[in-house]
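Contents: one structure, followed by commentary.
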Amino acid sequence: KMVNAIKGLFISCDIPMAQFIVNMNASMPASDKFIVHILDPTHMFIQPNMGDYIKSKMAEFRDQNSYEKPT
């Protein structure tokens, strides 16, 4: 039996960030979904062309949820 190989990007992150990525994937149309396989709560395999997109969305998310002490 032949093995199907898929080129992808391995992501390792904490559980909250993994959930953010899963929710981002779920909000996209079926043709744009990028998660190939969720390995466990902190690791996933995604389409390789989506790495930069996910990094930018994670940076936006962190910036929106950062606390800055008032001066």
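The values are calculated or read from the model by the stated rules, or taken from the named source; none is laboratory data. Computed from a prediction, not measured in an experiment: that's the story for all the values here. Cβ sites come from the backbone with ideal geometry, for glycine too, and all protein chains shown count toward neighbours. All accessible areas refer to the heavy atoms of the entire protein, side chains included, with ligands and DNA or RNA removed. Shrake-Rupley method; radii C 1.70, N 1.55, O 1.52, S 1.80 Å.
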Subject >> Those residues of the range 50-65 which are open to solvent by 60 Å² or more (accessible area, probe 1.4 Å) and touching a residue at least 40 places away in the same chain (Cβ under 8 Å), in sequence order >> reply: F61
Subject >> Tabulated pairs, the range 22-49, first in contact (Cβ under 8 Å) with a residue 40 or more places away in the chain, second small (G, A, S) and open to solvent by less than 70 Å² (accessible area, probe 1.4 Å), C-beta under 7 angstrom, 6+ apart or interchain >> reply: P48/G8
**OP:** Could you tell me whether the range 16-29 includes any residue that is surrounded by 10 or more Cβ atoms within 10 Å (Cβ to Cβ) and among the β-branched types (V, I, T)?
**Re:** yes
**OP:** Residues being part of a strand (DSSP E or B), without any contact (Cβ under 8 Å) to a residue 40 or more places away in the chain and within 13 Å of Q47 (Cα to Cα): count how many of those fall in the range 7-21.
**Re:** 1
